[in-house]
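The values are calculated or read from the model by the stated rules, or taken from the named source; none is laboratory data. The model shown is predicted, which means the values in this text are computed figures rather than measured ones. All Cβ positions, glycine included, derive from the backbone under ideal geometry; neighbour counts span all protein chains shown. SASA here: full protein model, heavy atoms, side chains in, ligands and nucleic acids out. Shrake-Rupley method; radii C 1.70, N 1.55, O 1.52, S 1.80 Å.
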Amino acid sequence: MTAVSVTAFAAVLAEAVELLRGLRRRRTAVPEARSLAAAWAATHPEARAQLVVGTRPDSPLVDYDLLVEHPEGGTVALSASPDDGVPWPAEHSAHCAAGNWAAGHLVTVDRVRLRVAEALMLLPRRPYGDRDVHDEIVEQCLLMNETLEDGEPLDDADIRAAAEEFRAGHGLRDRASTLAWLAEMSLSGEQFEAFIAGIALRRRFRRRKEAELAPGHFAAHRCDFDRVRALWVTGSQPVNGELLRGVGGLVGCGEAVVTVGARWARDLPAPLRHAAHDTLVGPVAYGDGYLTGIVLERRVGRDDPETLAAAGETAFDEWLAGRRRRASIEWHWL
């Protein structure tokens, strides 16, 4: 970093404060704020300034911090609250609660910084120690990033579906149990409505992204969406495939698991996915044992609504995995 005097650094801080005071705090103004901050930072490269945006789950407003590198090492965090009639201590408290300070934070993913309490609300009930919890938190944060500037109104159906999804995931069967949960979490009705609106925004984004990605994914992976009815046997010992033509012949073949089902080709055991109709497969090594199977019926995949919906779900999962690989993720362990 280029050395600067204490006097010069004080001038940089004064400019930074004026920048913060001039930023509009509506969510829809965040792109403008980022642009202004980037332009200012370009004039002071030695400060390595970074604008941090904190969203409030129960408010259309955002808060800003500006991180500036000190010439003698370390980082200075600047905040500025507008003179809107709210006493400074109260505004400062709300600002901290909104997620702009390290205390109480769980993870930062790109532009979203999530508090522990918010993360707990996002997740449905699950066994203690579930290793998928971290992945789901990050995925929710990624979707929050995608909807930060989404100002399109939600319709009643979106809100209802989001509320039903949340209540089902948390075991809230009726109004009484929901009210009890809100009291336990110290949430007001307005805060809960804002939280549900966030879920609805993310659901809508996912639905639209799936519809956007589905046709291309189906065209590139058409064979994965054949509808296949098959029979297969897995076990520790290999089974002669000809015995599958009369399942009774399996008696005496030792312990085995027999499965008969109709599935998308992609969801079959790998040795059966692309086998033709009436084709015997195996015995082949599979998992810790062997698999023998036969394709009873195969229907070529078509771009009907059900198939496109399945293709969209798969494509979205792949898109989300790629989005995660590109994300900046920092866990804040307390």
Quiz item: Out of (1) part of a helix (DSSP H, G or I); (2) at pLDDT 90 or above; (3) open to solvent by less than 60 Å² (accessible area, probe 1.4 Å), the odd one out for residue 219 is which?
Solution: (3)
Exercise. Being in a loop (DSSP other than H, G, I, E, B), of a type in the set (Val, Ile, Thr) and either closer than 30 Å to residue 147 by Cβ or at pLDDT below 70 (or both) is the filter here, so list the residues in the range 222-261 that pass it.
Key: 251
Self-check item: Hits in the range 156-211 - residues which are modelled with pLDDT under 85, surrounded by 14 or more Cβ atoms within 10 Å (Cβ to Cβ) and over 22 Å from residue 112 (Cβ atoms)
Solution: 181, 182
Self-check item: The listed residue being at pLDDT below 80, more than 18 Å from the chain's Cα centre (by Cα) and open to solvent by 30 Å² or more (accessible area, probe 1.4 Å), out of 117, 98, 103
Solution: 103
Quiz prompt | the range 273-313 - residue that is within 32 Å of the chain's Cα centre (by Cα) and aliphatic (A, V, I, L, M) and, of those, surrounded by the most Cβ atoms within 10 Å (Cβ to Cβ) | solution = 311
Quiz item: Could you list, in sequence order, the residues of the range 276-303 that are within 16 Å of residue 257 (Cβ to Cβ) and among the acidic types (Asp, Glu)?
Solution: 288
Quiz item: Does residue 54 satisfy being modelled with pLDDT under 80, within 18 Å of residue 150 (Cβ to Cβ), buried (at least 19 other Cβ atoms within 10 Å of the Cβ) and touching a helix residue (DSSP H, G or I) at 6+ places or on another chain (Cβ under 9 Å)?
Solution: yes
